[in-house]
Amino acid sequence: MEVFPSPLESAKFIAEHSKDVSVDEEGVRRVAESLFDKASAAEFGLAGWKSLHELNPRTADKEAVDWVFLVDTLNFSFWSEQEERKYLVKYKNKTYSGYWSLCAAVNRALDDGIPITSASYFATMTLDQVRHVFRSDTEVPLPLIEERHRVLNESGIILLEKFGGSFLTCVKRCEKSAQKLLHLVLENFPSYRDEAVFEKKKVSFYKRAQILVADTWSVLEGKGDGSFDDISSLTIFADYRIPQVLVHLKAMKYSEELMKKLREGKLFQSGDKEEVEIRGCSIWCCALICKHLQELYQKKGQDMHEKINAVLLDYYLWDYARDHREDMKDIPFHRVRCIYY
Ligand SMILES: Nc1nc2c(c(CN[C@H]3C=C[C@H](O)[C@@H]3O)cn2[C@@H]2O[C@H](COP(=O)(O)O)[C@@H](O)[C@H]2O)c(=O)[nH]1
């Protein structure tokens, strides 16, 4: 059995050895305090996954779980070189960008009778069919379309050959454990193995694998096959938006040298030292925010272990980043073209 490094232990190690990125303890404390009142509100909870996002499935059945698997298999690299020229998808009279454009294209295909979430379909999709399903409503195509074609075929074939064609089979095999589902995904689906080497040590982030488990928990509303008793063991999902919002909220800091590279729009490679430090410190920073939030509630005599975890903190911060794009425009995000986030 392959050993998969823990993203949380990786994050701690990276944060302890990071040169260009640092977690600001005082900033972490301030963010936890600012979230204190919000954390007990309804939208911070699991129900927000459906109630706040019209493109997410309304149901909690096999089709909804397969929708989550398809979307999270493609849940990477939506950023555009120029802000004014980007991939957009029009769906039901609304125009979507970024991650939501992917969801809009999937729902558009389903409405057109294309069974895009069925493994028997995406296992054998041609590149032209992928281009058609994810066609843009601007002249800018969805980035990494060839890689998306490859991971779709690869994931579809594995799902058909080993799991009867549905991700719900994987979920049922994990006896309501998020960690077991995470490891089943890592063992069987290579495109989810989001790892790097840092200071000669193998480290992991597993962004898409962890968000797949989290979105499965969310679409099943934390009930039945999705009642993971260890959901709090997941970390946040190290994408390119969470670091941006943590720096904006002053919980995390970049060196002047790194900030300069980011402002110049430098294209980093997956596994570069700066990229690993940004992603690892983001995970560690959010683990500390969660810890502070728990302590604040304990002081109030409230046990919020069910309500506060990295998944719900992540969803909140990610939605915050989407809603505060304008306020955050002078905080650059790091640019990497890869299939991991
Ligand atoms: N950390 C974290 N990263 C997330 C998500 C999501 C979508 N999840 C939503 C869906 C259901 C729930 O309600 C969640 O709100 C996408 N991403 C990543 O963001 C980037 C896209 O950004 P932009 O270009 O601005 O759209 C890209 O790396 C993508 O992989 C998340 O939740 N957390």
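The values are calculated or read from the model by the stated rules, or taken from the named source; none is laboratory data. Source: prediction; values computed, not measured. All Cβ positions, glycine included, derive from the backbone under ideal geometry; neighbour counts span all protein chains shown. Surface accessibility is based on the protein's heavy atoms, side chains included, excluding ligands, DNA and RNA. Shrake-Rupley method; radii C 1.70, N 1.55, O 1.52, S 1.80 Å.
Quick notes on this one:
- Taking the inverse of the mean reciprocal distance over all distinct Cα pairs, the Kirkwood hydrodynamic radius of the range 86-232 comes to 16.8 Å.
- With every protein chain in place, the chain: carbon and sulfur % of accessible area (1.4 Å): 52
- Loop-located trypsin sites (Lys or Arg not before Pro) in the range 91-187 (DSSP state not H, G, I, E or B) with no more than 15 neighbouring Cβ atoms inside 10 Å: Lys92, Arg135, Arg173.
- Förster radius 45 Å - calculated FRET efficiency between Thr124 and Glu26 (Cβ-Cβ, nearest 0.05): 0.25
- Mean projected area of the Cα convex hull of the range 94-143, taken over all directions, amounts to 3.7 nm².
- Annotation: aspartates and glutamates with alpha-carbon distance below 17 angstrom to Lys299 (same-chain offsets under eight excluded): Glu33, Asp37.
- The chain - convex hull of alpha carbons, volume per residue in Å³: 133
- Taking the helices alone, the chain has a mean residue ellipticity at 222 nm of -15500 deg cm²/dmol, built from -39,500 (n - 2.57) per DSSP H run of at least 4 residues and averaged over all its residues.
- For the chain, built as a Gaussian network whose Cα springs stay under 10 Å, the top-fluctuating residue of Thr117, Thr95, Thr235: Thr95
- Build a GNM of the chain with springs between Cα atoms under 10 Å apart, and of Asn153, Asn75, Asn93 the one that fluctuates most is Asn93.
- The share of Cα pairs per 10 Å bin across the range 161-201, counted from zero up to the longest distance, runs 26, 45, 19, 10, 0 percent.
- Cα-Cα over 27 Å, subset of Lys202/Lys253; Lys90/Lys250; Lys50/Lys260: Lys90/Lys250; Lys50/Lys260
- Each listed q (0.13 Å⁻¹) maps to a log10 I(q)/I(0) for the range 245-341, found by the Debye formula over equal Cα scatterers with no solvent: -0.54.
- Taking every protein chain into account, the accessible area of the chain amounts to 43 square angstrom per residue (probe 1.4 Å).
- Antiparallel bridges, percent of DSSP beta bridges restricted to the chain (to nearest 5): 85
- In this simple spin-label model, placing a label point 7 Å from the Cα along the Cα-to-Cβ direction at both Arg85 and Glu187 gives a separation of 4.7 nm.
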